[in-house]
Amino acid sequence: MSESLDKIADVFLSEANDLLDKLEEYLLELEQNPDDMDTISAVFRSMHTIKGSAGMFGFDAISHFTHEAETTFDEVRNGRVSVSSELITLTLQARDHIREMLDNGDDPSIAAESERLIREFQVYLLKHDKTGGEKDKEKTVAAEEKTAVARKEAEEEKAKPAPEKELPKPVSKKEDESDAPEITWRIRLEFSPDVFINGTRPHALIAELADMGTISISPHFNGVPRLKDIDPVKCYVSWDVILTTTKTEEDIKDVFIFLDDTSKILIQKITDSDQNTTGTPKRLGEILLDKKLVTQEALNDVLGGQKPIGTLLTEKNIVSKEDVQAALAEQKHLKEQSEKKNQELNAQTIKVNSGKLDKLIDLVGELVTFNARLNQVASTFASQQLSTLGEQGERLILELRDTTMDMRMLPIGTIFSRFRRLVRDLASETHKDIELITEGAETELDKTVIEKLNDPLVHLIRNSCDHGIELPETRTLNGKPSMGKVRLRAQHAGAFVLITITDDGAGLNREKIKAKAVERGIISATDELSDSEIDNLIFMPGFSTADKVTSISGRGVGMDVVKKDITSLGGSVSIQSTPGSGTTFTLKIPLTLAIIEGILIQLGDNFYILPLSNVVECLEFDQPIKRNTFCSSMKIRDEMMPYIDLRSFFGIEGERPEIQQMVIVTDQDSRIGIIIDRVIGNYQTVIKPLGRLYQNVSGLSGATILGDGSVALILDVYKLSDIVRKLDSNA
């Protein structure tokens, strides 16, 4: 029994953490748009759900505390209290406190902090109540005094509960609009010819309707005169609008509240949301009858014809082409809404433990290896039947692999949303105005990759906020807007995802970077470095240009962690910086770390895998190799190409083939050649980690098991490229 209760509690904790993440996201959105009722309702619903779930599972302290915060946003929903930056900060503190209560509910300091925050909410309600008077001012002073006492108690970590005080009772609750059913309306817009003269803009009214829900628009041009008779200040066009929305008829009428009396607006209810999901959509004739554009007799007269009903009605001049097109648009709109509702009703989502997904990926990897072995056996015995089974198995396994990988893929926006709070807190701490702009949040990555990306992105964003963005007064003096911008963007690029972190700050101070590097003995004062080489010095361990150590930077443990973590993912990081304009960091990350497409190559009796995404082309290589060297260069198509001889690099003995092969690979920044014995072909590669004994071997990133059970090592193109470039520059 206790085991099942523990599982239920785990479900609550998981869902509560998800709701808290969403709550933070809603609060940061609300700070940008404090009058957005949808976001206010979303904040209220999140708190209401946490409160209800906590009470149901016995977390009474959380339920009581959340109720107090929820009460404040109920007043906001009802228009009695306004949203301010102060309320957002207070509610974010409350959100953090709820998470602390979930993690450390037995801590005695928790109760004191709960009481302090409750008092803060009480004071905010009294101070910002739009309907209050002099008595409320007295209450505010008294509440502030009690808040100061509660704050002192919390700081001293005393758990003495303060006396209960009843908050102002909320006014009657209004039905949450987001819970209202969707209704589809037909709206006929026939504006007065003089509507433009009166200052009304029809397109603005239609745009306001579009903001209410899903909309379909059909214009009617039959009122437009011949070109010579057109008066450019008159309106000749009318519209049919089909709108599916949770708004009421009164809300729709309010859009046209300032419209002149000579314009005609007809609003007709078509269907409720529950009717959208049942039965078949209306036919064209039924819609035209409903709109009173045809009679039943005229409809019966043409139903026996072979042509479409719309064509027949148009040919007989019963209705216009515009009316038919409007009816067809309505029919399509209703059908799409019906399908959408059915999909929402039928869609089911379940939560799966990530460990089970990892196990599934491992099993798929074993199947890939098994199928490779089956193909090898079929080839050895020249069995057509086995070959057919192998091909069929390969198709099924590839489909299973793609489905399984898709299950592991998550939108990168799951971590993007965390950084909005980070930037807000950093801006407050550094006394700067900073806006975070995110793009490509829907870009998907393997969940394992996403988990390992969090720390590098945190370091890069902190770097942009602290070192990149200037103080508001400095930006103003330099002719920039006082608010700085940090842009976080993700996009697919083949088998990789590119993530860029761009700021519009001061850019890298290369003179200061070089001076610090000389001071720390990383380079000598006489070294001549390119801008790119100077920029990359910030990735050196322990390197920092901060003048003093703060809670944000100065210890030199940030950027080298970024380089290390991204490299461990098989990715790369590059910098572009323009003094006075800003800096861009570009991360190139592989989509997945589990299974990759590779090329199987051979060196003597040894086999290796090259990631296919890095391969540019394969060429024959018949140049002599110098003894005791594994790196050189040669001209290919009028371009000097550095290359590495893997036989020499790995110390592989034995006779070389008469003609070797060169595989040209890219590491994003440049291209190099890799000299091998021969290319065998494409290979589905299941990545296995190297043991601790081999983790520090240069040029290797992992291993895989071949069909015959032997092991092939996976080459690390980025490490090999670094070795070649370093030796080539010193040559």
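Before moving on, here are some points about what is shown:
- Under the Debye formula (equal points on every Cα, no solvent term), log10 I(q)/I(0) of the range 25-120 at q = 0.13, 0.14, 0.25 Å⁻¹: -0.42, -0.49, -1.37
- Simple label model, 7 Å out from Cα along Cβ direction - Asp96 to Glu442, nm: 3.4 nm
- Approximate spin-label separation Lys512-Val679, in nm, with each point projected 7 Å along Cα-to-Cβ: 4.8 nm
- The range 33-82, Rg to Rh (Cα coordinates; Rh as Kirkwood inverse mean 1/r): 1.04
- Using only side-chain charges placed at the Cβ, +1 for Lys and Arg and -1 for Asp and Glu, the dipole size of the range 457-522 relative to its Cα centre rounds to 140 debye.
- The range 660-706: mean projected area of Cα convex hull, nm²: 4.6 nm²
- Percent of alpha-carbon pairs separated by more than 29 Å within the range 359-511: 43 percent
- Residue pairs, from the table Lys269/Lys291; Lys253/Lys292; Lys291/Lys321; Lys234/Lys264, whose Cα atoms sit over 20 Å apart: Lys253/Lys292
- Two-site label geometry, Asp60 and Asp18: point separation in nm, points 7 Å out along Cα→Cβ: 2.9 nm
- The smallest convex shape that holds all Cα atoms of the range 190-255, its convex hull, gives 86 Å³ per residue.
- Volume per residue of the C-alpha convex hull in the range 396-447, rounded to whole Å³: 57 Å³
- Dividing the C-alpha radius of gyration of the range 572-641 by 2.2 N^0.38 Å, with N its residue count, gives 1.65.
- Globularity ratio of the range 474-524, using Cα Rg and 2.2 N^0.38 Å: 1.71
- Per residue, the convex hull volume that the Cα atoms of the range 73-123 enclose (Å³): 72 Å³
- Calculated FRET efficiency for the pair Ile257/Asp358, C-beta based, R₀ 60 Å, to 0.05: 0.55
- Extension gain for Thr629 to Asp425 (0.36 nm times residue separation, less C-alpha to C-alpha distance): 68.1 nm.
- Direction-averaged projected area, Cα convex hull, the range 625-691: 6.8 nm², rounded to one decimal.
- Straightening the chain between Asp38 and Glu451 buys 145.6 nm, computed as 0.36 nm per residue apart minus the Cα-Cα spacing.
- Considering every alpha-carbon pair of the range 600-659, the percent of pairs per 10 Å bin, from zero through the bin containing the longest distance, is 16, 53, 30, 1.
- Additional length obtainable on full extension of the chain from Ser417 to Ile636, 0.36 nm per residue less Cα span: 74.2 nm
- Applying the criteria of a DSSP loop state and at most 13 other Cβ atoms within 10 Å to the GluC sites (Glu not before Pro) of the range 432-492 yields Glu442.
- Converting phi to 3J(HN,Hα) with the Karplus coefficients 6.51, -1.76 and 1.60 and the offset θ = phi - 60°, the range 70-80 yields 4, 4, 4, 6, 5, 5, 5, 4, 8, x, 8 Hz in sequence order, with x at every glycine or proline.
- Sequence-separation-based contact order of the range 641-694, relative, with Cα cut under 8 Å and 6+ spacing, percent: 37 percent
No lab work stands behind these numbers, since they all come straight from the coordinates. The structure presented is a predicted model; accordingly, all values stated were derived computationally and were not measured. Positions of Cβ are backbone-derived with ideal geometry, glycine not excepted, and every protein chain shown enters the neighbour counts.
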